[in-house]
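The values are calculated or read from the model by the stated rules, or taken from the named source; none is laboratory data. Keep in mind that what you see is a predicted model, and the values were worked out from it rather than measured. Here the Cβ positions follow ideal geometry from the backbone for every residue, glycine too, while neighbour counts run over all protein chains shown. Just so you know, the surface numbers come from the protein's heavy atoms only, side chains and all, with ligands and any DNA or RNA stripped out. Shrake-Rupley method; radii C 1.70, N 1.55, O 1.52, S 1.80 Å.
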Amino acid sequence: MARARVEQQPATTGNTLIVMVGLGIAFLLFMAFLNVVKSGNLLNESNLLYAALIFYGGAGALYLGFGVTGTDSYVRFASIATWAGLAANTGAVIHRWYEAGHPPFASIYEMLLSFVWTLAVLTIVAEKKFQVKVIGTVTMPVAIVGVVLMQLLRTDVHPLVPALQSTWLHVHVTLAMLAYAACALSFALAMMFLIQDKMKTETFLAATSLFTVGVYAGILTRFEKWGGLSLIAWNAQDKAEVFLQKGVRLFVVIPDLGWLMVLVLLVVVAPFVLDLIGRVKKDESFYTIANRAVFVSILLQVLALAVFLLRASSGQYSSLDAEGLYATSLAASPFILSGLVGGIFNSLLYLLLLWRRADLERLLPTADNLDRITYKTICIAFPLLTLMIAAGAYWANRTWGSYWSWDPKETWAAITWLVYAGYLHMRITRGWRGRRAAYFAILGFAVVMFTFFGVMYLLPGMHAYA
């Protein structure tokens with residue numbers, strides 16, 4: 001009898017979490033429905049994206065639960081939630097297409113909309129076809145961050161600028177979004193390969209710590225004297241950034257927020273430093289302290305996120321460049337917000353690995369299978385990248401009279417292509433397998449993300465409207 005009770009426990013736990021997630025989804029959808037009833041507009045783009053966010057969030061929670069417990073029912077219901085989120089996401093894509101009169105490819109908001117849709121499709125394909133059931137623990141957080149980011153970006157429909165009034169826009173961006181989503185999937189598969197290939201958990205600690213350090217180091221490029229943090233001023237009435245003059249944004253300074261980010265940076269770098277000291281001294285006690293520091297860093301990151309949300313969404317602040325007080329908004333700093341959320345997700349995924357590594361290894365396909373699936377995914381992504389660049393070059397020649405102008409976006413697209421070409425070359429000609437190939441896949445996705453987001457905001461060029 002005792003043995004029977006033990007065997008029934010996982011099913012009970014699984015049912016409990018499924019019920020909790022289901023009730024959470026139902027409650028959030030019901031509250032959203034009440035707000036919609038007041039406005040009288042049910043099937044609009046914003047509501048569909050909100051529904052997609054709810055379902056993707058529920059799917060992410062269930063995928064995470066599967067990673068922790070291995071309960072198969074979690075994956076079944078996570079797939080249902082992913083399908084529901086994909087349906088809402090598809091509705092948002094169709095609505096945007098109808099309202100804009102063209103496929104949703106003309107702005108960063110529209111490209112994110114298409115990217116998240118494609119990522120959800122590939123998550124389902126990887127789970128069903130390749131049996132990588134925990135893939136959603138990586139891809140769903142990316143989808144969630146993408147949808148949150150879309151809520152902050154400008155969503156109003158504008159007439160296409162002359163350069164975008166071409167069928168080649170649809171061809172070029174469709175290929176880009178398919179390629180980028182495939183690259184994201186290859187990244188997730190490469191990370192899982194490293195887990196199954198017995199890479200030390202301490203190495204993952206160092207990598208995740210450095211990623212989070214990079215997030216806060218990037219945020220602190222906005223650090224101002226006396227400990228403030230500069231953010232772009234925002235005109236709430238026009239829902240637009242404030243400019244001092246054409247091409248020059250007005251920045252406001254939120255007092256003391258910079259010091260908080262410095263404090264968080266010092267804490268998130270602590271696990272890496274402690275792990276490094278432990279390696280040098282060959283003392284595992286430092287590794288134990290480093291893991292505790294990760295937990296503390298998560299608490300501080302959550303605090304930093306909460307303070308950022310409160311301070312950036314309300315209040316009037318002074319500027320170093322103009323007199324008077326100006327407001328800012330979360331919509332004026334969407335990538336700072338996504339970085340803060342991404343850092344928290346990154347740290348939480350490390351804790352999942354730390355606490356449940358043996359279970360994860362049992363649930364994942366073999367290392368050889370993951371290596372092979374990663375290769376197949378990149379074999380899909382690389383031709384798409386090639387066709388994307390070729391279509392873009394042809395389109396550029398028709399629009400600007402030149403196939404290649406060394407615009408920052410073009411340059412980084414070429415760098416992305418070279419990284420994945422290097423992966424395929426070394427694998428085919430030198431027989432690279434395993435960790436070296438996985439490192440290439442991870443590097444490639446990092447370059448993709450910089451090409452997608454970083455170039456747009458850091459390196460202005462002819463693609464600034466994208």
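Structure above, values below:
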read-out: Qualifying position, being under 25 Å from Q131 (Cα atoms), at pLDDT 80 or above, surrounded by 14 or more Cβ atoms within 10 Å (Cβ to Cβ) and among the hydroxyl-bearing types (S, T, Y), among Y50, Y56; value: Y56
read-out: Candidate set from segment 405-450 (those that are of a type in the set (K, R) and assigned to a helix (DSSP H, G or I)); member that is most open to solvent (accessible area, probe 1.4 Å); value: R430
read-out: Failed condition for F211, given (1) open to solvent by less than 50 Å² (accessible area, probe 1.4 Å); (2) closer than 30 Å to R357 by Cβ; (3) touching a Gly at 6+ places or on another chain (Cβ under 8 Å); value: (1)
read-out: Residues located in segment 412-466, provided they are within 16 Å of M111 (Cβ to Cβ) and either modelled with pLDDT of 90 or more or of a type in the set (K, R) (or both); value: T416
read-out: Selection from segment 304-330 of residues that are acidic (D, E) and either over 23 Å from E241 (Cβ atoms) or open to solvent by less than 30 Å² (accessible area, probe 1.4 Å) (or both); value: none
read-out: Identity of the residue in segment 288-303, of a type outside the set (A, V, I, L, M) and open to solvent by 40 Å² or more (accessible area, probe 1.4 Å), that ends up farthest from L266 (Cα to Cα); value: T288
read-out: Which numbered condition G343 misses (of (1) open to solvent by less than 20 Å² (accessible area, probe 1.4 Å); (2) over 21 Å from the mean Cα position of the chain (by Cα); (3) within 29 Å of A188 (Cα to Cα)); value: (2)
read-out: Single match in V145, V157, V171 (criterion: modelled with pLDDT under 90, assigned to a loop (DSSP other than H, G, I, E, B) and either in contact with a Pro (Cβ under 8 Å, 6 or more places away or on another chain) or not charged (D, E, K, R) (or both)); value: V157
read-out: Where a residue in segment 43-58 is β-branched (V, I, T) and its partner, wherever it lies, is open to solvent by less than 30 Å² (accessible area, probe 1.4 Å), with Cβ under 7 Å and at least six apart; value: I54/I25
